[in-house]
Amino acid sequence: MLTLRKSEDRGHANHGWLDSYHSFSFASYQDPQHMGYGPLRVINEDRVQAGSGFGTHGHRDMEIISYVLEGGLGHEDSMGNGSTIVPGDVQRMSAGTGVRHSEFNHNKSGATHFLQIWIEPKFTGIKPSYEQKHFSAEEKRGRLRLIVSPDGRDGSVGMNQDALLYAGLFDGAERGELQLDAGRRAYVHVALGQITVNGQVLGAGDALKTGAGLLTLENGKAAEVLVFDLP
């Protein structure tokens, strides 16, 4: 089973300071055919203009992952964390019983381009927590590097859900594979560039849903790809 979701079919909202594309229903974009995929609930491709951002707001019982593609995203939260997320960083915030945070592009020029990902938790009502790690381009070059997992295996960021998130950079003859076990499914999101996944050519913003079996990524053209292995 392969189901293609084209970039131009996503929801779109341009607020001036924020230009956002929604892979799944979010805010004023509501589509009953695209409410999520398993526990994967949100992938928003956001471009935040210089000096702008999301003011302090609250979340609860959600795993929130930020993946920066260009620029920098300043983060502060009610747990006392403060940092700037740059390309290569993966930030995970488990909202649990409740957390408040803000996100800003503090650059004086240039937009911050990032993916905001929400995954429904396996357990609700947990204590809020935060984790951030950097994964170099070399770690992701020509392969799928595990960046988020339930148990933080292989140096990945931990998450409160039985899901795995991989990131890869592919160009030319570089090729990556992932075997999905029975009862699992994948969601492939192309963040940048172009790549062929199981014979299907995908461009930036495109996504592919698959069932169990072998996932093959090849013929990349400056591609940056996220692959979700989901229950």
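The values are calculated or read from the model by the stated rules, or taken from the named source; none is laboratory data. Keep in mind that what you see is a predicted model, and the values were worked out from it rather than measured. In this analysis, Cβ positions are derived from the backbone assuming ideal geometry, glycine residues included, and neighbour counts consider all displayed protein chains.
Only one of Val190, Val201, Val227 is part of a strand (DSSP E or B), surrounded by fewer than 21 Cβ atoms within 10 Å (Cβ to Cβ) and modelled with pLDDT of 95 or more; which?
Just a single option satisfies the conditions, and that option is Val201.
Say we look at the stretch 69-84 and pick out the residues that are in a strand (DSSP E or B), of a type in the set (Gly, Ala, Ser) and touching a residue at least 12 places away in the same chain (Cβ under 8 Å); which of these is nearest to Pro150 (Cα to Cα)?
Among those that are in a strand (DSSP E or B), of a type in the set (Gly, Ala, Ser) and touching a residue at least 12 places away in the same chain (Cβ under 8 Å), it is Ser83.
Identify all residues within the stretch 31-72 that are more than 30 Å from Pro231 (Cα to Cα) and either aliphatic (A, V, I, L, M) or within 13 Å of the chain's Cα centre (by Cα) (or both); write none if there are none.
Answer for the stretch 31-72, where residues must be more than 30 Å from Pro231 (Cα to Cα) and either aliphatic (A, V, I, L, M) or within 13 Å of the chain's Cα centre (by Cα) (or both): Val48, Ala50.
Filter the stretch 8-40 down to the residues that are surrounded by fewer than 18 Cβ atoms within 10 Å (Cβ to Cβ) and among the aromatic types (Phe, Trp, Tyr), then identify the one that is farthest from His189 (Cα to Cα).
Across the stretch 8-40, the extreme among qualifying residues is Trp17.
Name, by its number, the condition in (1) without any contact (Cβ under 8 Å) to a residue 40 or more places away in the chain; (2) of a type outside the set (S, T, N, Q); (3) within 30 Å of Gly203 (Cβ to Cβ) that does not hold for Lys127.
Only one criterion in (1) without any contact (Cβ under 8 Å) to a residue 40 or more places away in the chain; (2) of a type outside the set (S, T, N, Q); (3) within 30 Å of Gly203 (Cβ to Cβ) is unmet by Lys127, namely (3).
Tell me which of these Thr3 doesn't satisfy, since it passes every other one: (1) within 17 Å of the chain's Cα centre (by Cα); (2) within 30 Å of Leu180 (Cα to Cα); (3) among the hydroxyl-bearing types (Ser, Thr, Tyr).
For Thr3, the failing item is (1).
Just the residues that are more than 19 Å from Glu63 (Cα to Cα) and either under 15 Å from the mean Cα position of the chain (by Cα) or assigned to a strand (DSSP E or B) (or both), please, taken from the stretch 156-184.
Within the stretch 156-184, Gly168, Leu169, Phe170, Asp171, Gly172, Gly176, Glu177, Leu178, Gln179, Leu180 meet the criteria.
How many of the residues making up the stretch 92-110 are in a strand (DSSP E or B) and over 21 Å from Trp17 (Cβ atoms)?
Residues meeting the conditions: 4.
Pick from the stretch 41-68 the residues that are hydrophobic (A, V, I, L, M, F, W, C), in contact with a Ser or Thr (Cβ under 9 Å, 6 or more places away or on another chain) and assigned to a strand (DSSP E or B): which of them is surrounded by the most Cβ atoms within 10 Å (Cβ to Cβ)?
Top of the filtered list is Ile43.
Can you name the number of the only condition in (1) of a type in the set (A, V, I, L, M); (2) surrounded by 14 or more Cβ atoms within 10 Å (Cβ to Cβ); (3) farther than 16 Å from Val227 by Cα that Leu164 fails?
Failed condition: (3).
Can you report the number of residues in the stretch 127-144 which are surrounded by fewer than 15 Cβ atoms within 10 Å (Cβ to Cβ) and closer than 16 Å to Asp77 by Cβ?
Within the stretch 127-144, residues that are surrounded by fewer than 15 Cβ atoms within 10 Å (Cβ to Cβ) and closer than 16 Å to Asp77 by Cβ number 1.
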